[in-house]
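The values are calculated or read from the model by the stated rules, or taken from the named source; none is laboratory data. This one's a predicted model, so the numbers in the text were calculated from it and none came from an experiment. Cβ: placed from backbone, ideal geometry, glycine included. Neighbour counts: every protein chain shown.
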Amino acid sequence: MKLIPCPINGLRPVGEFVYGGEVRPMPDPNAVDDDTWASYVFNRTGAPGVKQEWWCHSPSNTWFIVERNTLTDEIMQSYLYDEMRTI
Amino acid sequence: MNTPLRLSPIHDLLQSLPGNWQAINGMPVLTVSPPTTSPLILTDRSCLTRFGVKGANAADWLASQGLTIPDRPNSWCPLPNPSAGIIARLGLSEFLIEDSLSSRLAPQLAMACQTPPAKVYPVLRQDLAIALSGPATHELLQQTCNLNFRALILADRPILLTSLIGVVVTLLPGEHNGHPFYRLWCDGTFGNYLWQTLVAIATEFGGTITNVEL
Amino acid sequence: MPLRLLKFAFSREYPETRMFRQPDRLQSSYDAVIIGGGGHGLAAAYYLARDYGMTHVAVLEKGYLGGGNTGRNTTIIRSNYLTPEGVKFYNESMRLWQDLSQDFDLNLFYSNRGHFTLAHTDAAVRTMRWRAEVNKHYGIASELVDPETIQKACPLMDLTCAGHAPVLGALYHAPGSIARHDAVAWGYGRGADRRGVEIHQQTEVLGITVRSGKVTGVETNRGSISTSRVLCAVAGFTPRILRLVGLRSPLYIHPLQAMVSEPMKPWLDPIIVSGSLHVYVSQTARGELVMGASLDPYELHATRSTLEFAEGLAAHMLDLFPCLSHVKVVRQWAGIADMTPDFAPIMGKTPISGFYLDAGWGTWGFKATPVSGKTMAYTIAHDRPHPLIESFALSRFANYELVGEKGAASVGH
């Protein structure tokens, strides 16, 4: 069973979590052209790698960030959004 | 009995059980004398009054109401005497206050929170609240939940937010007469499913079902 | 029994030739290079050679032929989609499927079963009615049927689903079929090979050379190739290939799992799909139940299997078929699905001249193998998208012209 470390609730089985997708900073909609905006809306970093992702521990509704290798499914670390780091 | 103000989420499922009905906190409650020895006892405690609040300023607001709040996420502490109720911190900034049969703190907090300050949000708690107790409690939990409850340190007063047979629940582990005693809360709309499934498993252990202990 | 099978009994050596050659080295240049030796890539090679006489073509496969999603799907073939674009496209595929066995001189075990998509809610009934009307408008056999009809076609089904989600009706699609997926790859591979196309297995693409917006060559682990046309047909690996040419896409990659039961006597003739219960199931000629469910819940580029999947799918199967409670699961596996936001594929030309894309096949690619091969071959040969795939272009996202096909996905992913 896959275990995910929640910064608040500790190590829990993956079934208690909801995946929220990769962290994607939003460009300023008033400052960018249509193509950049459409790219933000639709395009994804589809190739594998270490990514920062949103996850939610659903019984406690805790949203937090997980750094995970999407090729090997290894989790590097997890933390609350307030402690956001750069990778 | 007049039209009750509140109903337990599993009111209908309790109809076939023997016992006496009486109103407690506006809810019809089936009272059954608790058995002295049973491997597993399921008790419906939904009739207790409770109050939920969350938000970035919820902790400060509760403190301003004169309450001592748990200082760590996912822990609990008793309400001030003479009450035997509890205040639980669910995650970082949400709280659950549940009275005992004899206290009335939760309705007072609900009144005080009718016009809450900024970043304080009252949470409607129409839970199914049950207690699991008896020597076979851990066996039941093993079949229904992924967590290892035996590894918990009860002196830390932990609160667990997890899922039991797929239902999101809040668990408060404790001990009573040398046996595990777990309080459990879940959204009332899942009540029938959760109760029926737990009863089915408890029956395999030769467990019994009671209502609130008086 | 056909007489020619007798030679297998009496011959000391295996009496058939190999399905296709194994060329020992790459040539320095080809008219076109197809990345991906799955059903889609091989079908494109086949139609390029057969219909357009382009035979100086190499198919590059990183692993082995048909070892990706072609050999990992649940083999369901249907055309009861929701959008006019989708319905026309998949219906052409159904038409091609009918005489593929003749075309290949190879038994594909194409088996017409009928396809029921169960509706457990009023909202689902409404979507089924909508789909039925769109389908009928384009001449596709598709109708809403009542629970009695379903029970008659499938007597062992519990239509109350243990009381959790009673079946209110179903979309019935008579042409719904299954086929042997490996044979599809072999048939297209052999057909292309016989016409001169080279299939190179164990050949990984490491780079694609682009000069002034035009494809000029492909770098592989077995050497460089110069070519002016490249088709990318690599399903879950598409984002990695797109990264080589600097293109971005809306594709996101999740595993899709499936499993089969031990073989049983034939008892399930139709294909049964339930969006609410996240189940699709059919019984193979061998008697195994092939079962699938929804996508894995998070991005992963690996084909690992999980217990959560087997547990969840088994639970839902038992809601529908309580009689299976003692049946064993014998195999479980996963494919890597390249999902699009609108559940329609991404096909055709790209901003890079000579670089063609056949991707976004998520969980719906097997049934489209013939038509995608045919339309991509047309697109490569004419350097112009085939009319059936014009609305599936990569540029539809930037133009906000999506093809909303999610309502016709077999299960609510």
Next item on the list: Scan region C:365-408 residue by residue and report those that are within 19 Å of C:Asn80 (Cβ to Cβ), basic (Lys, Arg) and either surrounded by fewer than 18 Cβ atoms within 10 Å (Cβ to Cβ) or at pLDDT below 95 (or both).
Entry: C:Lys406
Next item on the list: Go through C:Phe109, C:Phe89 for me and flag whichever is within 18 Å of the chain's Cα centre (by Cα), in a loop (DSSP other than H, G, I, E, B), touching a residue at least 12 places away in the same chain (Cβ under 8 Å) and more than 23 Å from C:Ala170 (Cβ to Cβ).
Entry: C:Phe109
Item checked: From B:Asp71, B:Asp60, residue being acidic (Asp, Glu), assigned to a loop (DSSP other than H, G, I, E, B) and either surrounded by 21 or more Cβ atoms within 10 Å (Cβ to Cβ) or at negative phi (or both) -> B:Asp71
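Restricting to region A:67-87, count the residues that are away from chain C (no Cβ under 14 Å) and of a type outside the set (D, E, K, R).
Let us first name the residues in region A:67-87 that are away from chain C (no Cβ under 14 Å), namely A:76-77, A:79-87.
Filter once more, keeping what is of a type outside the set (D, E, K, R): A:76-77, A:79-81, A:84, A:86-87.
Qualifying residue count for the region: 8.
For region C:180-279, which fully contained strands (runs of 3 or more DSSP E) count at least 3 residues that are within 14 Å of chain A (Cβ to nearest Cβ), surrounded by 23 or more Cβ atoms within 10 Å (Cβ to Cβ) and modelled with pLDDT of 95 or more? Full working, then the answer.
Details: elements: C:198-200, C:205-211, C:214-220, C:223-226, C:230-232, C:252-261, C:271-274.
Counting at least 3 such residues, we get C:252-261.
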Note to self: Which residue is nearest to C:Ile34 (Cα to Cα), if the candidates are limited to region C:309-365 and must be in a helix (DSSP H, G or I) and small (Gly, Ala, Ser)?
What the structure shows: C:Ala310
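What number of residues within region C:145-177 satisfy the criterion of being without any contact (Cβ under 8 Å) to a residue 12 or more places away in the chain and either assigned to a helix (DSSP H, G or I) or surrounded by 20 or more Cβ atoms within 10 Å (Cβ to Cβ) (or both)? Give the derivation first.
If we filter region C:145-177 for residues that are without any contact (Cβ under 8 Å) to a residue 12 or more places away in the chain, which is where we start, we get C:148, C:151-152, C:155, C:160, C:163.
Now narrow it down to the ones that are either assigned to a helix (DSSP H, G or I) or surrounded by 20 or more Cβ atoms within 10 Å (Cβ to Cβ) (or both): C:148, C:151-152, C:163.
Residues that pass the stated criteria total 4.
So that you can scan it fast, the table gives a plain yes or no per residue for (1) in contact (Cβ under 8 Å) with a residue 60 or more places away in the chain; (2) farther than 30 Å from C:Leu247 by Cβ; (3) facing another protein chain (nearest Cβ under 8 Å); (4) surrounded by fewer than 18 Cβ atoms within 10 Å (Cβ to Cβ):
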position	(1), (2), (3), (4)
A:Met1	no, yes, yes, yes
A:Gly20	no, no, no, yes
A:Arg24	no, no, no, yes
A:Asp28	no, no, no, yes
A:Asp35	no, no, yes, yes
A:Ala47	no, no, yes, no
A:Val50	no, no, no, yes
A:Cys56	no, yes, no, yes
A:Ile65	no, no, no, no
Next item on the list: May I ask you to list the residues in region C:312-352 that are surrounded by fewer than 16 Cβ atoms within 10 Å (Cβ to Cβ) and not aliphatic (A, V, I, L, M)?
Entry: C:Pro322, C:Cys323, C:Ser325, C:His326, C:Lys328, C:Arg331, C:Trp333, C:Pro351
Note to self: Please go through (1) among the small types (Gly, Ala, Ser); (2) closer than 23 Å to B:Ala112 by Cβ; (3) in contact (Cβ under 8 Å) with a residue 12 or more places away in the chain for B:Ser75 and return the number of the only condition it doesn't satisfy.
What the structure shows: (2)
Notebook entry, point to check: Which residue out of B:Leu164, B:Leu152, B:Leu171, B:Leu147 is among the aliphatic types (A, V, I, L, M), touching a helix residue (DSSP H, G or I) at 6+ places or on another chain (Cβ under 7 Å) and within 14 Å of chain A (Cβ to nearest Cβ)?
Noted result: B:Leu164
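Look through B:Pro122, B:Pro107, B:Pro117, B:Pro80 and report the one residue that is outside any loop (DSSP other than H, G, I, E, B) and surrounded by fewer than 16 Cβ atoms within 10 Å (Cβ to Cβ). Steps first, answer last, please.
Details: B:Pro122 fails: surrounded by fewer than 16 Cβ atoms within 10 Å (Cβ to Cβ); B:Pro117 fails: outside any loop (DSSP other than H, G, I, E, B); B:Pro80 fails: outside any loop (DSSP other than H, G, I, E, B).
Residue meeting the stated conditions: B:Pro107.
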Notebook entry, point to check: Is one or more of the residues making up region C:126-140 of a type in the set (Gly, Ala, Ser) and closer than 22 Å to C:Ala409 by Cα?
Noted result: yes
